[in-house]
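Undergrad: I have a structure here, written as structure tokens, and I will follow up with some questions on it.
The values are calculated or read from the model by the stated rules, or taken from the named source; none is laboratory data. What you see is a predicted model; the values in this text were computed from it and never measured. No Cβ is skipped: glycine too gets one built from the backbone with ideal geometry, and neighbour counts run over all protein chains shown. Just so you know, the surface numbers come from the protein's heavy atoms only, side chains and all, with ligands and any DNA or RNA stripped out. Shrake-Rupley method; radii C 1.70, N 1.55, O 1.52, S 1.80 Å.
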Amino acid sequence: MGVLGVSVGAGLAAVTLLTVPAFVPALQPREIQNMGLGASRQAGIKAGWRPAKGDEVAQRISQSGYDITPLTAQKKSELAAMLTDHQRKVAVGSGTERAFTGQTVNGYPHDNKKAGLYVAAIGGLPLFSSETKFDSGTGWPSFYAPVDPTHVIEVKDSSVPFMPRVEVLDARAGSHLGHVFDDGPRPTGKRYCMNAAALKFIPEGEEAPPESRPIPVEKKESQS
């Protein structure tokens, strides 16, 4: 596993660039259990997501070291404007792409089998790893666990009469990702059925953009 390397010379710090496997290891079954997936789900169903009211909002850091502070409504709108109409309909309008047709915002198909990381189309928060992706046969990207349970929020969805579901939102932007069901494989038994249009895929070994990297250790220490 890669690490963040920092060397200091001539008064300047040289930081080794982070790539996907360097900072988002796949969670093992015991780690998933210890991180409280069930507790996160119950809290999400109760709380939902609300945009920040201004830039002065207290920063929230996830269990794995990422910024999960809610975006302001204005910032979310600005980022959503960069998407296509279809992508906005899914991520902002809680739409659903047709099965077997989905593509990530950067063009990877729903059945992509490459190794890497799936981040939110709006805001770039890391959400799922290819290591927890499986073929559910549904025509939508499916995962049995998020990279960090605090990166997603799960809320009751009663939009379809007589078929209550659990909607999945990303914790930073509150974007609609899809739904989670209790018919997935071990070790969690969950199937996170996601819309590819609400995701961006970062191939393994490719440098992740700043918004998809963890908060630097020195910054976290200064805030504590």
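Undergrad: Hey, can you tell me all the residues within the stretch 146-161 that are among the hydrophobic types (A, V, I, L, M, F, W, C), in a loop (DSSP other than H, G, I, E, B) and at pLDDT 90 or above? Spell out the reasoning first.
TA: Start the filter on the stretch 146-161 by keeping residues that are among the hydrophobic types (A, V, I, L, M, F, W, C), which leaves 147, 152-153, 155, 160.
Subsequent filtering for residues that are in a loop (DSSP other than H, G, I, E, B) retains 147, 160.
Once the filter is applied, which keeps residues that are among the hydrophobic types (A, V, I, L, M, F, W, C), in a loop (DSSP other than H, G, I, E, B) and at pLDDT 90 or above, the stretch 146-161 yields only VAL147.
Undergrad: Does the stretch 158-187 hold any residues that are over 13 Å from the mean Cα position of the chain (by Cα) and more than 21 Å from HIS110 (Cβ to Cβ), and which are they?
TA: SER158, SER159, VAL160, PRO161, PHE162, MET163, PRO164, ASP182, ARG186, PRO187, listed by residue number.
Undergrad: I would also like to ask the following. What residue, among those in the stretch 124-141 that are more than 9 Å from the chain's Cα centre (by Cα), surrounded by 22 or more Cβ atoms within 10 Å (Cβ to Cβ) and of a type outside the set (S, T, N, Q), is farthest from PRO210 (Cα to Cα)?
TA: Selected residue: TRP140.
Undergrad: Here's a follow-up. If you scan the stretch 58-84, which residues turn out to be out of contact with any helix residue (DSSP H, G or I) (no Cβ under 9 Å at 6 or more places or on another chain), surrounded by fewer than 14 Cβ atoms within 10 Å (Cβ to Cβ) and under 20 Å from THR150 (Cα atoms)?
TA: Within the stretch 58-84, ALA58 is the sole residue that qualifies.
Undergrad: Follow-up question, since we're still on this one. List the number of the failed condition for ARG213; all other conditions in (1) open to solvent by 20 Å² or more (accessible area, probe 1.4 Å); (2) free of Cβ contacts under 8 Å to residues at least 60 places away in the same chain; (3) under 13 Å from the mean Cα position of the chain (by Cα) hold.
TA: Tallying (1) open to solvent by 20 Å² or more (accessible area, probe 1.4 Å); (2) free of Cβ contacts under 8 Å to residues at least 60 places away in the same chain; (3) under 13 Å from the mean Cα position of the chain (by Cα), ARG213 fails exactly one: (2).
Undergrad: Checking the conditions here, which among LYS113, LYS133 is modelled with pLDDT of 95 or more, farther than 23 Å from SER159 by Cα, in contact with a Phe, Trp or Tyr (Cβ under 9 Å, 6 or more places away or on another chain) and charged (D, E, K, R)?
TA: Step by step, each of LYS113, LYS133 is checked, and only LYS133 is modelled with pLDDT of 95 or more, farther than 23 Å from SER159 by Cα, in contact with a Phe, Trp or Tyr (Cβ under 9 Å, 6 or more places away or on another chain) and charged (D, E, K, R).
Undergrad: From the residues in the stretch 124-145 that are hydrophobic (A, V, I, L, M, F, W, C) and assigned to a loop (DSSP other than H, G, I, E, B), which one is nearest to MET82 (Cα to Cα)?
TA: LEU125
Undergrad: May I pose another question? Please verify whether the stretch 119-137 includes one or more residues that are in contact with a Pro (Cβ under 8 Å, 6 or more places away or on another chain) and among the charged types (D, E, K, R).
TA: Yes - at least one qualifying residue is present in the stretch 119-137.
Undergrad: Tally up the residues in the stretch 197-219 that are in a helix (DSSP H, G or I) and either of a type outside the set (S, T, N, Q) or in contact with a helix residue (DSSP H, G or I) (Cβ under 7 Å, 6 or more places away or on another chain) (or both), please.
TA: 7
Undergrad: Here is a further query. Tell me which residues, restricted to the stretch 85-123, are open to solvent by 40 Å² or more (accessible area, probe 1.4 Å), of a type in the set (D, E, K, R) and in a loop (DSSP other than H, G, I, E, B).
TA: Within the stretch 85-123, ARG98, ASP111, LYS113, LYS114 meet the criteria.
Undergrad: Considering (1) free of Cβ contacts under 8 Å to residues at least 12 places away in the same chain; (2) part of a loop (DSSP other than H, G, I, E, B); (3) under 21 Å from GLN59 (Cα atoms), say which one GLU78 fails and leave the rest.
TA: Only one criterion is unmet by GLU78, namely (2).
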